[in-house]
């Protein structure tokens, strides 16, 4: 067995009095993909930031090719980390971001032509049609992720660390990434791969290391583990019945939201659907189908040029989020970091932001806010050692729980949630599924937009499928299955926006 190219021995890390890693050992060999998995808050990202030189270990030793190295020397050794959060300068072009801090020069001048050609080459290898001259701020989320990957791939790599690289990628984009990983592996690059998607871990990795609550649980060959075994190691118990039983609303459940003929210019044409009390209504479709844009049009976050919206049978005028809140509609954005939470603010301020009127008209009742936070931490199982930390210090799963708690402060009767479990571990996913199931059981109507087919099938009582800005079918009963959804999402089936498929 080959010696490790990179190894971490007895790594511990404390943030003040809080310890997040406890004597962890980890290594990766040249030409190997070593996956690192664990629940949110297990310490995965902290360990990777230590390996890549962004954090110093409180205790322990790092070695590269058998020699110790420190935080400042990781980049020079060819150790590159692709962060879970984008690390791009949005006002600069793609090519400028790819070479930021290591620009190519011709004499004293920047060699822009060489940088553009190299950026174009790397993007081509990723099958990404982005123009190197485009500004990053004008790119989609998935395109920005591909730029992050191109930025790393353009370097002289020895160790590539990828933290949730496919969280915002489509299946086809993920397949392209996997081809790149295999090429790098063939070239002798060591790859550390962090993901909550256990099917990806099974497909792409050679070994798997599991962390739980900052402790090393196991390192095993991927071939010796199936996905259920991985999940059990992550959470310390068997994961069964991931989705709660579907309890469809009564046949005579009233329609609480009726959308008729809504058009969002450039995104959605003539969309209509109804939502019933106590129902979970799923929205499926490929990237670019217009699901998010339809919801943003309904909520007044995007301009709509046609259509009507009715609440409990009466037309309502929704021009902004305030109008939506007044109508009893709450929205959880897919971008919890950019739009959902104020990452630099404490949990308390995030929790009560939408419902400040409940906590005082002139002066804010901080005691009431603290009491609300205590309830939210308990009711939503927000795992935080110090409630005074900023929201950005929470793991992704706990940020999502905080966002859910924040949304429920306004006591909505309709909840629209976009990508409810993106970048979240398997244990927290189940918690969120149970929460959504409980909302529906209590009579709250829920809209779920998800790119995960299993999530849509496992949760939804009915499924609205969209393609290229139009609704191609509404599925229910036995028709809620993968082949039927894919046929409607790709245009092979379904044209009538009001067609209901139940076979």
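I'm checking my understanding of the structure. Among residues of the range 122-144 that are out of contact with any helix residue (DSSP H, G or I) (no Cβ under 8 Å at 6 or more places or on another chain), assigned to a helix (DSSP H, G or I) and at pLDDT below 85, which one is nearest to residue 174 (Cα to Cα)?
Out of the qualifying residues, it is 143.
Do the conditions hold for residue 31, that is, is it in a loop (DSSP other than H, G, I, E, B), modelled with pLDDT of 85 or more, under 27 Å from the mean Cα position of the chain (by Cα) and surrounded by fewer than 23 Cβ atoms within 10 Å (Cβ to Cβ)? First the steps, then the outcome.
Values: in a loop (DSSP other than H, G, I, E, B): yes; modelled with pLDDT of 85 or more: yes; under 27 Å from the mean Cα position of the chain (by Cα): no; surrounded by fewer than 23 Cβ atoms within 10 Å (Cβ to Cβ): yes.
Judged against the criteria, residue 31 is not a match.
Which ones in the range 363-402 are modelled with pLDDT of 85 or more and either part of a strand (DSSP E or B) or touching a strand residue (DSSP E or B) at 6+ places or on another chain (Cβ under 6 Å) (or both)?
Result: 390, single match.
Answer yes if at least one residue in the range 309-329 is farther than 30 Å from residue 266 by Cβ and surrounded by fewer than 19 Cβ atoms within 10 Å (Cβ to Cβ), and no otherwise.
Yes, that holds for at least one residue.
Pull out all pairs, ordered by first then second residue, where Cβ-Cβ is under 6 Å, the residues are six or more apart or on different chains, the first lies in the range 189-208 and is at positive phi, and the second is buried (at least 23 other Cβ atoms within 10 Å of the Cβ).
Here the result reads none, with nothing in the range 189-208 linked to a residue that is buried (at least 23 other Cβ atoms within 10 Å of the Cβ).
Those residues that are modelled with pLDDT under 90 and within 19 Å of residue 267 (Cβ to Cβ), I need them from the range 469-493; list them, please.
489, 490, 491
Please go through the range 403-420 and pick out each residue that is in contact with a strand residue (DSSP E or B) (Cβ under 7 Å, 6 or more places away or on another chain) and either free of Cβ contacts under 8 Å to residues at least 60 places away in the same chain or assigned to a loop (DSSP other than H, G, I, E, B) (or both).
Within the range 403-420, 410, 412, 413, 419, 420 qualify.
Every residue in the range 453-472 that is in a strand (DSSP E or B) and over 13 Å from residue 488 (Cα atoms), please. Break it down stepwise before answering.
Going residue by residue through the range 453-472, those that are in a strand (DSSP E or B) are 462-467, 470-472.
Residue satisfying the conditions is 462 alone.
Looking only at the range 473-496, which residues are surrounded by 15 or more Cβ atoms within 10 Å (Cβ to Cβ) and assigned to a loop (DSSP other than H, G, I, E, B)?
Selection gives 480, 493, 494.
All but one of (1) in contact with a strand residue (DSSP E or B) (Cβ under 7 Å, 6 or more places away or on another chain); (2) farther than 20 Å from residue 79 by Cα; (3) free of Cβ contacts under 8 Å to residues at least 24 places away in the same chain hold for residue 27; state the number of the condition that does not hold.
(2)
Within the range 283-292, identify whether any single residue is farther than 14 Å from residue 414 by Cα and part of a helix (DSSP H, G or I), and answer yes or no.
Within the range 283-292 (the criterion being farther than 14 Å from residue 414 by Cα and part of a helix (DSSP H, G or I)), the answer is yes, since at least one residue qualifies.
Confirm whether residue 156 is out of contact with any strand residue (DSSP E or B) (no Cβ under 6 Å at 6 or more places or on another chain), over 23 Å from residue 47 (Cβ atoms), surrounded by fewer than 19 Cβ atoms within 10 Å (Cβ to Cβ) and at pLDDT below 85. Give the derivation first.
Details: out of contact with any strand residue (DSSP E or B) (no Cβ under 6 Å at 6 or more places or on another chain): yes; over 23 Å from residue 47 (Cβ atoms): yes; surrounded by fewer than 19 Cβ atoms within 10 Å (Cβ to Cβ): yes; at pLDDT below 85: yes.
Yes; evaluated as a whole, the condition is true for this residue.
Which of the numbered conditions does residue 321 fail, given that it passes all the others? Conditions: (1) closer than 26 Å to residue 455 by Cβ; (2) in the same structural domain as residue 274 (by TED's automatic domain parsing); (3) touching a residue at least 24 places away in the same chain (Cβ under 8 Å).
The single condition residue 321 does not satisfy is (3).
The values are calculated or read from the model by the stated rules, or taken from the named source; none is laboratory data. In this text the structure is predicted, and so the values were computed from the model without any measurement. Don't worry about glycine lacking a Cβ; one is built from the backbone with ideal geometry, like all the others, and counts go over all protein chains shown.
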